[in-house]
Structures are given as structure tokens and as C-alpha cells.
Amino acid sequence: MAFTRKDRINGIDLHYARTLAHPYGTRGKKTKFSFEKNFCKSLEKCFKEMFSHCPLGKPEVITTAGVFVNRAGSQHRHGTAFDFDGAFWGDYTMMTSNFMIDFELYLGMESFLRRHFGIVLNYVYNDQHKDHWHIDNSVGVAFSKNSRSKMLYLQATLSYLYQEEVVVDGLYGPQTQGAFNRVANKLGLRTGNPANSWMDYLELTGKIAFRLFETNKAPVRLLNNVYELIGDLPMERRVALAEALNSFRYHPVTDSWLASLEDNEDRLKAAIAAVV
């Protein structure tokens, strides 16, 4: 198995940020990582496609928790896995741990990751992956209802991006099928088994998510971000802050002002129209 060592991919610096001196959430320290050569080529192809569509363009830095790790039973042992922590642009940072308040950018990037890698373990997969994507090519990219990873991504996009009432549980049932059919119709894709239009769904969803990200700083969304952050606080602090925020949110003047603003459904319709 042929290896290569790199501290840059497509002109993007690779940094390690998992030490006391360079903790998670910082830009970390530029580091050379060992990659299996074909896996590295897949990353290069993926990043080229992803960032050509990303409204922020190509980041200056990507932080990673590692590539090659000599651990039994792991693709990391072969240099064919990548733990993606975050991306840093000149004036914007996307950390994977911030999924709840940055889900458009997060799901946009993940959509393109999934076009190139069959395994993508994400924020909703389990607690271990709330602070990074694990990506590897140990299986193909095709959709499978039996893949919990792919199912969770599908349900997350249906729920968070397309505003469908779907439980994100990794199980394919009538609720998920109905939601996918409705979204597929809007996107001009085949209904039924998502496997029939999976690659197109990934591409269109990635582009739509990026489009939504460009308009996600509306006051309603910013207020919802605050509620999401409060939900992660200890109970004793959560209640007091929620009550204080509610007194502002549900004041008649605030309520009237928010009602006058463009809602999420209009924003979604505009994003789909711009992409499809």
C-alpha cells in the first residue's frame, strides 16, 4: 500500500487541533499527515467539488483529528480515513460541533462528502462524532436503507433543510418515505427508493443547503440559534435564560416584527428555485 505525507490538500492547509497548546476549536498547528495515495486523491477530488460550490469558497485551513492511526479494526490503520473537525475561512469558522446552529453549511458540506465517501459518521450518528466527521471509503457511496449513517443523513436533510416532519432515528419507514417523495417531487427527482436518484439528491441538496446558508442570518434564525444553545445548558441555567428570552420573543411588539419578516418556507422555496 503506497503512502504519501501531506500538510496541504488543494492549497488548503491541514492543521491538528487536539492538544493543550492547540485545542479543538482553534486553527491548531500545521501538521503533515500520512495518507494512502488513492484515498488522498479522493479527498482532493471531493474538496475541489465541495468548495467550488460553497459560497465561502476554499477555506484557508481544515483541522483534523487524524488520518493514519495504528489501531486495529479501523480504516485509520490503513491511512484511508479522515477525521474532519472544522474549516476556517478568513472571516468565518465552521466547527462540526456547532451543527445545531450551522446546519445549512454543515449539511451542504456533508452532501458533497457523501458523493465521494461511502462512510460519513456525523453529529447525529452518536456522541463520539458530535465534534467531527469520520469519513472513509470502506464501502461504496450508493444509498442503502440498511445503512444507519446514510439514513440519518437523509432524515437530517429532510427535517432540517426541507422542513419535513421526520424523526431522525436511522430507520426507513412510511414517514421517511413520504417525506422523501414530497421533496423528490420538488427537486424533479424520481420518487420511491432514494437509491434511484441518490447522487443527484446529494448534489442538489448540497447546493440548496449552501444557498440557504447565504441567507441564514435573518433575525428569526438568529433567535432560534439562541434557543438551540440554551437547550444544551444545565437545567438550572436553561430555565432562567429561556424565561428571559421568552419575555422578549413573545412580547407583542417583537411578535409583530418577526411575523413581518420572510419565513423559512419562503427562503426554502427561493433556494430550490435557484438551484433546480
- Query: So how many residues does the range 245-275 have that are closer than 30 Å to residue 53 by Cα and modelled with pLDDT under 75?
  - Reply: 4
- Task: Tell me which of these residue 172 doesn't satisfy, since it passes every other one: (1) in a helix (DSSP H, G or I); (2) over 22 Å from residue 276 (Cβ atoms).
- Result: (1)
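Can you go through 201, 227 and tell me which one is at pLDDT 75 or above and either part of a helix (DSSP H, G or I) or not charged (D, E, K, R) (or both)? Break it down into steps so the answer makes sense when it comes.
Working: 227 fails: at pLDDT 75 or above.
Testing whether each residue is at pLDDT 75 or above and either part of a helix (DSSP H, G or I) or not charged (D, E, K, R) (or both) leaves just 201.
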- Message: Looking at the range 132-151 only, could you name the residues that are touching a residue at least 24 places away in the same chain (Cβ under 8 Å) and not polar (S, T, N, Q)?
- Response: 132, 133, 134, 135, 136, 141, 142, 143, 145, 150, 151
- Can you name every residue in the range 63-103 that is in contact with a strand residue (DSSP E or B) (Cβ under 7 Å, 6 or more places away or on another chain), assigned to a helix (DSSP H, G or I) and modelled with pLDDT under 85? 75, 76, 78
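Would you mind stating whether residue 60 is at pLDDT 95 or above and more than 21 Å from residue 205 (Cα to Cα)?
On the way: at pLDDT 95 or above: yes; more than 21 Å from residue 205 (Cα to Cα): yes.
Yes, satisfied.
Would you call residue 154 touching a residue at least 12 places away in the same chain (Cβ under 8 Å) and within 17 Å of residue 210 (Cβ to Cβ)? Explain how you work it out, then say what you get.
Details: touching a residue at least 12 places away in the same chain (Cβ under 8 Å): yes; within 17 Å of residue 210 (Cβ to Cβ): no.
No.
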- Out of 180, 213, sole residue that is touching a residue at least 60 places away in the same chain (Cβ under 8 Å), outside any loop (DSSP other than H, G, I, E, B) and farther than 13 Å from residue 110 by Cα: 213
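State all residues of the range 122-169 that are charged (D, E, K, R), in a helix (DSSP H, G or I) and in the same structural domain as residue 100 (by TED's automatic domain parsing); if no residue qualifies, say none. Spell out the reasoning first.
As a first pass, look at the range 122-169 and keep what is charged (D, E, K, R): 127, 130-131, 136, 145, 148, 150, 164-165, 169.
Narrowing the set further to residues that are in a helix (DSSP H, G or I) leaves 127, 148, 150.
127, the sole residue that qualifies.
The values are calculated or read from the model by the stated rules, or taken from the named source; none is laboratory data. The model shown is predicted, which means the values in this text are computed figures rather than measured ones. Cβ sites come from the backbone with ideal geometry, for glycine too, and all protein chains shown count toward neighbours.
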